[in-house]
Amino acid sequence: AASGVNDSGKILTINPQTGTGINVGSSLYDEIKGISINPKTHIIYGMAVTGNGTEFVRVNADGGDSYNIFTVPTSDMTAVAFDTAGNFYAAARSGWIYSVNLQTKSISQICSTKVKLTSIAFDPLTNDLVGTPYLALGSTKDRIFRINLSTGDTVVAGKTGFGVITIGIAFDNSGRLYGVTGTGTPNSNFISINKNTGTGTLIGSVGLSGI
């Protein structure tokens, strides 16, 4: 995982049993907005929103240091995810989902959801794309939904029940869904999520903020 600007853009691991975060090292960026592991190569990639737009970066798993691959002028990117075949995608807060080509160093629009996006992840068992919304206010900001990549249509699975934005989500290799909540200065919480109902269960505090 990656921490926010209040924890100086650290790269960390999270213990899935306790939720505790362990610092790996500095990403060399103020904040890495999204992070994902290619299931085919096991290389970690992420992105950082800077004054130049969005930088797609490669992350050193041993030290956390991250290095620019290419930059796009779009500045509202919020998340990245690999599908089961190793195809790379990025989501923007506006609802646009892009295909990312690391070889040609380019992105292309795939679809647009009617929901502003905070995070996305692919289920390793079904290759279904799951997302969480960006909503500053309202009772639906803790929703979990599935996204049709062909049309951009969304189907709500349910709500975590915490009443706050799930700022990041990730599946483990067995198809269990996890998430982190909390933005700004409070420490982030690590939760498990029932991917069928959306219901969240608190596992513990990560111990760092803005995960």
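A few remarks follow.
- Pairs are defined by a Cβ separation below 8 Å, a sequence spacing of at least 6 or placement on different chains, a first member in the range 168-194 that is closer than 27 Å to Ser8 by Cβ, and a second member that is of a type in the set (D, E, K, R) and surrounded by fewer than 20 Cβ atoms within 10 Å (Cβ to Cβ); the pairs so defined are Tyr178/Asp172.
- Flag if Gly152 is in contact with a Lys or Arg (Cβ under 9 Å, 6 or more places away or on another chain), closer than 30 Å to Ile203 by Cα and assigned to a loop (DSSP other than H, G, I, E, B): no
- Taken over the range 157-171, residues that are among the β-branched types (Val, Ile, Thr) and open to solvent by 40 Å² or more (accessible area, probe 1.4 Å) amount to 2.
- Flag if Asp128 is acidic (Asp, Glu), open to solvent by 60 Å² or more (accessible area, probe 1.4 Å) and under 16 Å from Ala81 (Cβ atoms): yes
- Neighbours by Cβ (under 7 Å, 6+ apart or cross-chain): first from the range 131-148, in contact (Cβ under 8 Å) with a residue 12 or more places away in the chain and within 14 Å of Ala91 (Cβ to Cβ); second acidic (Asp, Glu) and assigned to a loop (DSSP other than H, G, I, E, B): Arg146/Asp128
- Inter-residue pairs, beta-carbon under 8 Å, first on the phi > 0 side of the Ramachandran plot and in the range 99-127, second modelled with pLDDT of 95 or more and acidic (Asp, Glu), 6+ apart: Asn127/Asp83
- One residue stands out among those in the range 175-199 that are under 14 Å from the mean Cα position of the chain (by Cα) and assigned to a loop (DSSP other than H, G, I, E, B): the one that is surrounded by the most Cβ atoms within 10 Å (Cβ to Cβ), which is Gly182.
- Single residue of Asp30, Asp62 found to be open to solvent by 70 Å² or more (accessible area, probe 1.4 Å), in contact with a helix residue (DSSP H, G or I) (Cβ under 8 Å, 6 or more places away or on another chain) and of a type outside the set (Ser, Thr, Tyr): Asp30
- Against the numbered list (1) over 17 Å from Ala91 (Cβ atoms); (2) surrounded by fewer than 22 Cβ atoms within 10 Å (Cβ to Cβ); (3) touching a Pro at 6+ places or on another chain (Cβ under 9 Å); (4) not aromatic (Phe, Trp, Tyr), Lys116 comes up short only at (1).
Residues checked against (1) crowded, with 19+ Cβ neighbours inside 10 Å; (2) within 23 Å of Ile37 (Cβ to Cβ); (3) at pLDDT 95 or above:
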position: Thr132; (1), (2), (3): yes, yes, yes
position: Leu135; (1), (2), (3): no, no, no
position: Ile147; (1), (2), (3): yes, yes, yes
position: Val155; (1), (2), (3): no, no, yes
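The values are calculated or read from the model by the stated rules, or taken from the named source; none is laboratory data. Everything numeric here is computed off the predicted structure, so don't read it as measured data. Please note: Cβ atoms are built from the backbone with ideal geometry, for glycine as well, and neighbour counts cover all protein chains shown. Ligands, DNA and RNA are stripped out before the accessible areas are found, and what is left, the full protein with its side chains, is counted by its heavy atoms. Shrake-Rupley method; radii C 1.70, N 1.55, O 1.52, S 1.80 Å.
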